[in-house]
Amino acid sequence: MPWFSVTKEVAMGTAMLGVAFATGVLAGKRYPSIFFGASKSSKTVIGKDSPLWQYILDHSLREHPLLKKLRLLTLDHPWGRIMVSCDQAQFMANLAKLIKAKKVIEIGVFTGYNTLNMALILPDNGRVVACDINEDYVNIGKPLWKEAEVEHKIDLRIKPASETLGKRKAKSMGKADAFDSVQKKKNTEEGHEELLAAGEAETYDFAFIDADKESSNEYYEKCLRLVRKGGIIAIDNHGCCN
């Protein structure tokens, strides 16, 4: 197609892609570890004190004041390093907004930074099912949820996520319950599925898995059943995020 027949928008887009490509090539030459694997000097390139890292934060981060407040509170905690990074949280929030998410699953809450992050971008009737086993950590973030007026969007489940997402063993029935219905007997033998039993299969838009890594495969398989087609499942496979 002749160049003069190209629209202004397409020409501008092509130019921007060219600039992005050239920038990528130059960055690849200067910081090869980013694109071709880590090196001994990788910490100086992508660490928290890196000029590149600071540039990214200065020019792309749009952190809500209450998110920043919770982030700083969390970083003061002895285990603060395991919190999801602010840029990662913003990226997931942008993805959730792009698909117009209304229902979110979060596995691994810690102090609730990303829970608040997601609740802030959901519509007023949105819902975040937040799964964790330690309420002490979550209590750090709860006041910020309330201050942000989004606590009504957050469905906190303090129990193993495998129980909230899927099958768990039910308590054995006693002799006095022998006359109960066949359905109750079936539930005892096969277990009870909380979200799935509630008819919520394929109704969630977004799931974020960032808990005990040994159970990630199990969480992923269950989220596959709960997240709709076209939805997103994000997994953090690092032990520490910051």
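I need the full set of residues from the range 192-224 which are in contact (Cβ under 8 Å) with a residue 40 or more places away in the chain, more than 15 Å from the chain's Cα centre (by Cα) and either closer than 19 Å to Phe110 by Cβ or outside any loop (DSSP other than H, G, I, E, B) (or both), in order please.
Leu195, Ser215, Glu218, Lys222
Select from the range 91-136 the residues that are open to solvent by 50 Å² or more (accessible area, probe 1.4 Å) and over 14 Å from Val150 (Cβ atoms) and list them in ascending order.
The answer is Phe91, Asn94, Lys97, Leu98, Lys100, Ile133, Glu135, Asp136.
Asp180 is checked against (1) open to solvent by 40 Å² or more (accessible area, probe 1.4 Å); (2) at pLDDT 95 or above; (3) not hydrophobic (A, V, I, L, M, F, W, C) and fails just one. What number does that condition carry?
Looking at each condition in turn, Asp180 falls short on (2).
The values are calculated or read from the model by the stated rules, or taken from the named source; none is laboratory data. On a predicted model such as this, the values are computed, not experimentally measured, just so you know. Because the Cβ atoms are built from the backbone with ideal geometry, glycine has one as well, and the counts that use them run over all protein chains shown. Calculation scope for accessible area: heavy atoms of the full protein, side chains included, ligands and nucleic acids excluded. Shrake-Rupley method; radii C 1.70, N 1.55, O 1.52, S 1.80 Å.
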